[in-house]
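The values are calculated or read from the model by the stated rules, or taken from the named source; none is laboratory data. Everything numeric in this text was worked out from a predicted model, so none of it was measured. Virtual Cβ from ideal backbone geometry, glycine too; neighbours counted across all protein chains shown. Just so you know, the surface numbers come from the protein's heavy atoms only, side chains and all, with ligands and any DNA or RNA stripped out. Shrake-Rupley method; radii C 1.70, N 1.55, O 1.52, S 1.80 Å.
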Amino acid sequence: MPLHKGSDKPDERPLSVNPFYGEADPVGGMTEAPPKHRLPTSPLPPSTAYQVVHDELMLDGNSRLNLATFVTTWMEPQAGVLMGECRDKNMIDKDEYPRTAELERRCVAMLADLWNAPDPSTAVGCSTTGSSEACMLAGMALKRRWAQRNADRYPGARPNLVMGVNVQVCWEKFCNFWEVEARLVPMEGERFHLDPQAAAELCDENTIGVVGILGSTFDGSYEPIADLCAALDALQERTGLDIPVHVDGASGAMVAPFLDEDLVWDFRLPRVASINTSGHKYGLVYPGVGWALWRDKEALPEELVFRVNYLGGDMPTFALNFSRPGAQVVAQYYTFLRLGREGYRAVQQSTRDVARGVAERVEALGDFRLLTRGDELPVFAFTTAPDVHAFDVFDVSRRLRERGWLVPAYTFPANREDLSVLRVVCRNGFSTDLADMFVDDLGSLLPELRRQPHPSTDSKGAATGFHH
């Protein structure tokens, strides 16, 4: 979560709240507005407190028009009802809420089967608060396995983790928090993600694993997981180094099984030790749930699993969080049950079709060059065409925001810092009608942008909130 500090602005709010906020007596509702940075002295009526908070939240962006986020912004009303019924259930109390725990177990079993675990009954997995926690757990398992194999050299030797420079920021956090050296494969030319051979060349006896991304957040492209495993197989033949692979499938692990069935990226590859995904991305659940799975018990060191006698039951846990609501896990099971394989295939295909269609129409405008076309993740990235000098992607992002569309503009990392792009994430709920409105709004902005003498962005760092 972001870190915050207290406000240095005056905390006084002498004006009264709207009298109509009072439930029965309008005059009775005319209390002094509560302070913002300290607890108010007296209670407020519930209707008044609700309206004060509700009104401030109106200034947030519209989540359905947020084309920056991968996170689900629409679910069926029935899912919302189930989540409301379970929001008071603490997931960790498995002895108190055994059916919620059983639904979690079933979701793990379904994912193990979906990701082709050799024996789904022996695969190990858990729910998390999202892919960031799942990645932390997977990284911990990789480091502990490496430490066990190198007990004669560790803690003297410094472990390292190999990955592309395009990884999500959670992997940088993992390396920082757990004192692991991050070895990053740079971008090169029109390759915007990890190169298998370059990754293998960065490995040595201190490498705990290599991370492959099934769906880069930078451009929506899949990294070649099978080629990565082949490069590491060749490395083992030459050197004896046996380097496991973790697949960060935050988005793609819930797309590829349905739309790219011939793509081999999962537990069918013996070198893949673990996989994570975000249930709240293309798993089609509201924010707050991720999943981490290991090939088998050997891939997850037993010493990392805590067995707690809590509320009357023996409970094995592997998590960074303890208490959390069961609502999102229940919603994940509902969605698995509701859609099945064919339903997921239809939803993801529809989303990919929208992404491809929007990408083609953006390209047809003539002012932009596509980097990706939405044919892997339903995501595409584009930049201004070489002959466009009057505006840049930051101008486009800012002008789209005036129409309500949140489209991130950002600069790529080392080796391609010369490249700034816009990225559009298509999700379930971003319908063909909304896509038409988006392209129409984008096209209507171009005549004025073309008349600019030059790009108006003074600071690219201040032009966008997207920094990875």
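Looking only at segment 318-351, residues that are assigned to a helix (DSSP H, G or I) and either of a type in the set (V, I, T) or in contact with a strand residue (DSSP E or B) (Cβ under 9 Å, 6 or more places away or on another chain) (or both) come to 7 in all. Scanning segment 318-333 for residues that are touching a helix residue (DSSP H, G or I) at 6+ places or on another chain (Cβ under 6 Å) and open to solvent by 40 Å² or more (accessible area, probe 1.4 Å) yields a single hit, L320. When every residue of segment 230-246 is checked against the conditions, none turns out to be open to solvent by 10 Å² or more (accessible area, probe 1.4 Å), small (G, A, S), closer than 26 Å to M110 by Cβ and modelled with pLDDT of 95 or more. Considering only residues in segment 287-317 that are surrounded by fewer than 19 Cβ atoms within 10 Å (Cβ to Cβ) and part of a loop (DSSP other than H, G, I, E, B), the one that is modelled with the lowest pLDDT turns out to be L311. Within segment 356-377, the residues that satisfy the criterion of being out of contact with any strand residue (DSSP E or B) (no Cβ under 6 Å at 6 or more places or on another chain), open to solvent by less than 30 Å² (accessible area, probe 1.4 Å) and either part of a helix (DSSP H, G or I) or on the phi > 0 side of the Ramachandran plot (or both) are G357, V358. Taking segment 54-64 as the range and being open to solvent by 70 Å² or more (accessible area, probe 1.4 Å), touching a Gly at 6+ places or on another chain (Cβ under 9 Å) and assigned to a loop (DSSP other than H, G, I, E, B) as the test, only N62 passes.
In this structure, S221 does satisfy being small (G, A, S) and out of contact with any Lys or Arg (no Cβ under 9 Å at 6 or more places or on another chain). Considering the conditions (1) of a type in the set (G, A, S); (2) assigned to a helix (DSSP H, G or I); (3) over 30 Å from R105 (Cα atoms), A381 is excluded by exactly one of them, (2).
The residues on offer are K36, K89, K94, and the sole one that is free of Cβ contacts under 8 Å to residues at least 60 places away in the same chain and not hydroxyl-bearing (S, T, Y) is K36. The single condition among (1) open to solvent by 60 Å² or more (accessible area, probe 1.4 Å); (2) in a strand (DSSP E or B) that E172 does not satisfy is (2). Just give me the residues in segment 210-229 being aliphatic (A, V, I, L, M), surrounded by fewer than 24 Cβ atoms within 10 Å (Cβ to Cβ) and not in a helix (DSSP H, G or I), in sequence order. Within segment 210-229, no residue meets the criteria. Among all positions in segment 146-158, there is no residue which is surrounded by 16 or more Cβ atoms within 10 Å (Cβ to Cβ) and touching a Gly at 6+ places or on another chain (Cβ under 7 Å).
Restricting segment 181-209 to residues that are part of a loop (DSSP other than H, G, I, E, B) and within 27 Å of Q148 (Cβ to Cβ), the residue that is most open to solvent (accessible area, probe 1.4 Å) is E205. Restricted to segment 42-87, and to residues there that are under 24 Å from the mean Cα position of the chain (by Cα) and among the charged types (D, E, K, R), the residue that is nearest to D219 (Cα to Cα) is R64.
Look through segment 390-437, keep the residues that are closer than 30 Å to Y344 by Cα and more than 23 Å from the chain's Cα centre (by Cα), and return whichever of them is surrounded by the fewest Cβ atoms within 10 Å (Cβ to Cβ). Filtering first and then ranking leaves D433. For first residues located in segment 333-359 and of a type in the set (G, A, S), partners that are at pLDDT 95 or above and open to solvent by 10 Å² or more (accessible area, probe 1.4 Å) and lie 6+ apart or on another chain with Cβ distances below 7 Å form the pairs A359/L370; A359/R373. When segment 49-84 is filtered for residues that are free of Cβ contacts under 8 Å to residues at least 40 places away in the same chain and more than 30 Å from G374 (Cα to Cα), the ones remaining, listed by number, are A49, Y50, Q51, V52, V53, H54, D55, E56, L57, M58, L59, V81.
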